[in-house]
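Participant: Structure incoming, see below.
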Amino acid sequence: MEESKTNRASDKFKVNDELLKESRSTDEATSRRAYERLVELNTGLVKSIAVRFLNRGIELEDLIQIGMLGLIKAIDGFDFSRECSFSTYALPVISGEIKRQLRDSGPVKVSRIYKRNAAILLKEKNSIIEKEGRDPSIAELAERCGIEPEEAAIALDASMPVISIHDPKYDESGMTFLDSMECERASEEMAMLTDRIALSQEISALPPLWKKIILLRYFRNKTQSECASILGLTQVKISREEKKILAHLREKLI
C-alpha cells in the first residue's frame, strides 16, 4: 500500500514536470491545455491549503478561488533550476496568496493601541538615531516611552510589513528570502555531511572490539546486555568500553 502511494506521488511529480514544460510552449493551444491540466491536477493541493484558513472571515469556496490564483502564480513562476518538486514550490506561493487576501480584506487587523504605541516608539527611535547616531534597544525605547517592554516588542513587530519569501533581500546579492533559506539549508546539509564523513573515518580507525560495540549499539540498536551476550562479555564491560569509545570520539571530533 505504501509503495503504491509512493509510486502515485512520483507519477504525479513527473506529470507536473511534463505539463510545466508544455505550459511554456509557444503553441497557444498546447500551453492552454497544459495550464488547464496543471490546475486540475493540483486542485487537491489548493483545497488542502485553503482548509487551514477556515473561520477567518472568508468562506471556503472563496479561499479556494484565491488559492487558485496562487496556483497560477506558481505555475508562471516555477523555475526548474530550483531542483524541487512543483508542489513543494507551489505550497508557500498558494499560502502566501491566501494570507495576503486575509490581511488586505481586514480579518487580520492590528489593534489601534498597538498602532499608537508603534508610532510613539518609532518616533523616539528615529530621534535617538538622529541625535546620538545609534540604534536603541527595545528595552530603552520602552522605558523612555513609558511602555512595558513586552508591549513595545509586540507593537513594533505588529507594525512591520509582511514579507514574502519571494521578495528580494535588502542587500546587493539579488537573492530572494527563499533563495537565502535554501542556501542556509544547503550549508547546514553540507555541515552535517562533513560531520558524518569525519565520524565515519574515526569509527573506521577504532580497535576491532570498539567497532563491534558501535555497530551493535548504534546501527543495530542492541542493548548493552544483548551486546554482552553476542560478544561473550559482561554488561559491565560493555558499559565501560562504550564510555571509553564515546569519550574518544568526542575528543577527536569536537
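The values are calculated or read from the model by the stated rules, or taken from the named source; none is laboratory data. This one's a predicted model, so the numbers in the text were calculated from it and none came from an experiment. Cβ placement follows ideal geometry from the backbone for every residue including glycine, while neighbour counts extend to all protein chains displayed. Accessible surface is based on the protein model in full, side chains and every heavy atom, while ligands, DNA and RNA are left aside. Shrake-Rupley method; radii C 1.70, N 1.55, O 1.52, S 1.80 Å.
Participant: Exactly one of these conditions fails for S31: (1) assigned to a helix (DSSP H, G or I); (2) of a type in the set (S, T, N, Q); (3) at pLDDT below 85; (4) open to solvent by 30 Å² or more (accessible area, probe 1.4 Å). Give me its number.
Facilitator: Single failed check for S31: (4).
Participant: Residues that are among the acidic types (D, E), modelled with pLDDT of 85 or more and surrounded by 16 or more Cβ atoms within 10 Å (Cβ to Cβ): does segment 91-111 have at least one?
Facilitator: Our first condition is that a residue be among the acidic types (D, E); within segment 91-111, this holds for 97, 104.
From the residues that got through so far, the ones that are modelled with pLDDT of 85 or more too are 97.
Filter again for surrounded by 16 or more Cβ atoms within 10 Å (Cβ to Cβ), leaving 97.
Yes; the residues of segment 91-111 include at least one that is among the acidic types (D, E), modelled with pLDDT of 85 or more and surrounded by 16 or more Cβ atoms within 10 Å (Cβ to Cβ).
Participant: Sort out which residues of segment 35-87 are in contact (Cβ under 8 Å) with a residue 60 or more places away in the chain, assigned to a helix (DSSP H, G or I) and open to solvent by less than 70 Å² (accessible area, probe 1.4 Å), and write them in order of number.
Facilitator: Of all residues in segment 35-87, those in contact (Cβ under 8 Å) with a residue 60 or more places away in the chain come to 77, 80, 82, 85-87.
Restricting the remaining residues to those that are assigned to a helix (DSSP H, G or I) gives 77, 80, 82, 86-87.
Passing the criteria: G77, R82, F86, S87.
Participant: Cβ-Cβ under 6 Å, sequence separation 6+ or interchain: first residue in segment 7-34 and under 18 Å from G77 (Cα atoms), partner at pLDDT 85 or above and open to solvent by 90 Å² or more (accessible area, probe 1.4 Å). Which pairs?
Facilitator: L19/R37
Participant: Output the residue which, of all residues in segment 212-221 that are at pLDDT 90 or above and either over 35 Å from the mean Cα position of the chain (by Cα) or part of a loop (DSSP other than H, G, I, E, B) (or both), is farthest from H248 (Cα to Cα).
Facilitator: K212
A quick yes/no check of all residues on (1) under 29 Å from the mean Cα position of the chain (by Cα); (2) at pLDDT 80 or above; (3) assigned to a helix (DSSP H, G or I):
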| site | (1), (2), (3) |
| --- | --- |
| A119 | no, yes, yes |
| L122 | no, yes, yes |
| N126 | no, yes, yes |
| I129 | no, yes, yes |
| P136 | no, yes, no |
| A142 | no, yes, yes |
| A155 | yes, no, yes |
| A158 | yes, no, yes |
| I163 | yes, no, no |
